[in-house]
Amino acid sequence: MSEKSHETLSNLLQEKRRFPPPADLAESANVTAEAYDAAAADRLAFWAEQAERLSWSKPWDEVLDWSNPPFAKWFVGGELNVAYNCVDRHVEAGRGDRVAYHWEGEPGDTRTLTYADLQREVNKAANALLELGVRKGDRVAIYLPMIPELPISMLACARIGATHSVVFGGFSAEALRTRIDDAQARLVITADGGYRRGKPSALKPTVDEAVAAAGSVERVLVVRRTGAEVDAQERDVWWHDVVDRQSDEHEAQPHDAEHPLYILYTSGTTGKPKGILHTSGGYLAQTAYTHHAVFDLKPETDVYWCSADIGWVTGHSYIVYGPLANGATSVMYEGTPDTPHQGRWWEIIAKYKVTVFYTAPTAIRTFMKWGDDIPARFDLSSLRVLGSVGEPINPEAYVWYRENIGAGKTPVVDTWWQTETGAIMISPLPGVTAGKPGAAMRPLPGIDADVVDDTGTPVPDGGGGFLVVKSPWPSMLRTIWGDDERYVKTYWSRFPGMYFAGDGAKKDEDGDFWLLGRVDDVMLVSGHNISTTEVESALVSHPKVAEAAVVGATDPVTGQAIVAFVIPRGSAGAEVEGDEFAKELRDHVARSLGPIAKPRQIMIVPELPKTRSGKIMRRLLKDVAENRSIGDVTTLADSTVMDLISQKLPGTK
Ligand code: ATP
Ligand code: MG
């Protein structure tokens with residue numbers, strides 16, 4: 001960002017609303033403000049204390065080895081079994097009857113798995129993997145819908161020391177093949193299909209196509225979920241044939257703290273996915289600590305639901321590893337939020353009396369679009385903490401979420417992190433922080449994050465620049481699978497000695513952090529840097545707008561000009577089609593942010609292109625705005641969206 005960015009950014013964020021924690025929550029909070037001081041006094045001692053939440057077979061010799069940066073080793077010499085920590089130790093402590101997952105299938109079928117059930121299932125699956133020839137260090141690709149066999153498979157891998165690579169059930173054969181090849185997976189675990197939008201959606205044909213083209217796979221283990229006919233291959237084995245007949249006992253061996261736990265390819269919002277490698281001890285310590293701290297999770301009484309797909313890092317860390325390490329009771333849901341009706345999620349919250357709920361801004365904006373009357377029909381009074389992740393949350397969406405889902409009383413924790421960081425890095429603490437709508441607030445205790453200018457110097461309060469992490473953290477990625485050089489180049493070369501996350505941020509006058517979107521998306525209009533996030537939030541603050549995405553398109557006069565794609569709210573009526581409405585929105589942005597941020601053009605669209613994890617893919621919109629043919633769409637959740645947008649905009653200019 002240029003010099004001018006500071007001055008532009010400072011007049012853009014006008015948000016003055018503040019939401020202090022409810023008194024009862026503050027009083028009994030798991031983590032208080034002292035944690036910041038404790039961590040600041042001795043960061044490594046702080047993380048060592050957090051790692052004591054886990055059960056170690058062999059204690060570590062050294063908390064952190066940073067002698068060969070940027071290759072970190074945490075809890076060096078320590079040994080543990082991740083699956084034992086997530087499952088067995090709770091059973092051994094007499095909590096085997098506690099529910100680990102209330103699973104809800106989309107058609108309405110349900111399954112309840114206690115910790116004792118989970119232990120038996122994981123052991124059987126671990127024995128089956130061994131029978132199929134999988135050994136410690138091998139890679140296993142998992143391509144499953146949101147069914148209990150997904151966490152069971154992950155834990156079975158962790159138990160025997162195989163490294164899993166979960167691939168979104170929505171990805172194409174080609175996307176699956178490249179991920180299988182990159183990791184050289186020997187086994188693929190899949191299902192005949194899963195339920196989405198009210199009907200079975202097949203998975204097996206995609207696997208057949210991918211595996212036929214991938215050389216490394218010896219066996220495909222298939223779960224029967226929908227009963228759809230599958231084209232049986234010689235390498236196929238059914239889960240119910242192989243897993244069900246195994247012994248439900250398996251003795252877990254300890255693995256090194258740095259043993260590779262999983263590879264996960266980034267969600268592919270910006271370009272070619274990277275195979276992010278996470279290891280065992282540090283990863284589990286930080287996911288467990290952050291789940292305890294950020295959600296104030298009380299395992300005896302809370303019912304926790306993270307609505308993410310496990311194919312995304314949020315699901316790995318906050319449906320599987322963090323909650324299970326803490327002995328939490330979770331809800332897990334297979335399908336889409338509008339099946340069979342648009343109140344399905346609220347119905348689930350009412351049914352299980354969910355107390356802590358974690359979702360993404362994209363979902364919240366969709367619910368705003370559908371209307372306030374839908375959640376109002378359900379009893380959501382059990383909720384006490386709400387979380388957000390995936391994109392900057394627009395202040396209007398934050399306030400809507402708090403008011404309509406949280407009855408105007410629950411804290412909203414906006415959690416910033418990435419596949420690469422493995423766990424939450426920047427977030428309010430629900431019993432400590434007076435929340436500001438749209439701000440991720442402070443780095444968590446033990447996290448050394450800052451905002452720097454383009455020379456790597458920290459910006460003063462009130463300044464904007466690049467978000468960096470200045471010291472290693474336990475759940476950090478260890479490398480990009482098979483490509484150490486790309487790891488160094490991608491994350492550690494822009495600012496020497498610092499991890500650069502790719503995101504822009506601002507520190508306000510109180511020193512609180514506001515995420516401004518990816519620096520690659522920042523628009524340069526007449527010499528001013530303008531963040532996509534701020535213009536989008538200004539648009540969403542208009543009562544007739546549900547969602548907005550903006551991009552900078554080449555412009556002969558201003559260098560770049562702002563082009564906005566807008567989805568109106570359901571209640572907005574027919575007037576949203578005309579030029580009048582576009583003018584109203586352009587003026588609204590100019591009034592909120594200043595004339596420099598006024599969009600050149602507003603396009604009313606029915607949908608926005610998003611990744612499967614719900615993030616807006618601005619580069620595709622930029623192609624539209626600049627009248628180019630549209631780039632790589634393989635990680636799009638719904639590849640027909642770009643056609644819808646193009647049809648809606650004949651002769652777009
Ligand atoms: P790729 O790196 O392949 O382009 P991706 O960055 O979308 O994909 P993820 O690791 O799932 O893949 O997403 C992390 C990114 O999501 C962050 O870098 C940031 O841009 C955005 N993000 C996540 N949570 C927040 C948040 N609370 N506030 C603002 N941005 C967020
Ligand atoms: Mg990224």
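The values are calculated or read from the model by the stated rules, or taken from the named source; none is laboratory data. As the structure is a prediction and not an experimental result, all values here were calculated from the model. Note that we place each Cβ from the backbone using ideal geometry, even for glycine, and neighbour counts take in every protein chain shown. Side chains are part of the model used for accessible areas, which takes the heavy atoms of the whole protein and leaves out ligands, DNA and RNA. Shrake-Rupley method; radii C 1.70, N 1.55, O 1.52, S 1.80 Å.
If I model a spin label as a point 7 Å beyond the Cα along the Cα-Cβ vector, how far apart are those points for D244 and D24 in nm?
4.6 nm
In whole percent, and with a 1.4 Å probe on the protein chains, what portion of the accessible area of region 526-647 is carbon and sulfur?
52 percent
Relative to the longest principal axis of the C-alpha atoms of the chain, give the angle of the C-alpha long axis of helix 115-131, reported between 0 and 90° and rounded to the nearest 10°.
The helix 115-131 is inclined about 70 degrees to the chain.
Please report, in whole Å, how far the alpha carbons of region 451-581 spread along each principal axis, starting with the longest.
For region 451-581, the Cα extents along the three principal axes come out at 53, 36, 33 Å.
Any idea what the dipole of the chain comes to, in debye rounded to 20, about its Cα centre with Lys/Arg Cβ at +1 and Asp/Glu Cβ at -1?
In debye, rounded to 20, the chain gives about 800.
Could you check the simple spin-label distance between R235 and T490, using points 7 Å along Cα→Cβ, in nm with one decimal?
Each label point lies 7 Å from its Cα, and together they span 2.5 nm.
May I have the extent of the alpha carbons of region 526-647 along their three principal axes, as whole Å values ordered from largest to smallest?
Cα spread of region 526-647 along its principal axes, largest to smallest: 38, 37, 24 Å.
Send over a whole-number figure in Å² for the accessible area per residue of region 44-145, probe 1.4 Å. All intermediate terms of the calculation are to be shown ahead of the outcome.
Values: 3980 Å² over 102 residues.
Heavy-atom accessible area per residue stands at 39 Å².
Could you give the dipole magnitude of region 526-647 about its Cα centre, charging the beta-carbon of Lys and Arg +1 and that of Asp and Glu -1, in debye to the nearest 20?
340 debye
Please report, in whole Å, how far the alpha carbons of the chain spread along each principal axis, starting with the longest.
So the extents along the principal axes, rounded to whole Å, are 69, 59, 51.
Roughly what angle does helix 173-183 make with the longest principal axis of the chain, taking Cα atoms, 0 to 90 degrees, to the nearest 10?
For 173-183 against the chain, the angle is about 60 degrees.
Where does the chain land at 222 nm, in deg cm²/dmol rounded to the nearest 500, when only DSSP H runs of n ≥ 4 count, each adding -39500 (n - 2.57), divided by all residues?
Theoretical 222 nm ellipticity from helices: -7500 deg cm²/dmol.
Compute the long axis of helix 149-160 from its Cα atoms, compare it with the longest principal axis of the Cα atoms of the chain, and write down the angle in degrees, 0 to 90, nearest 10.
60 degrees
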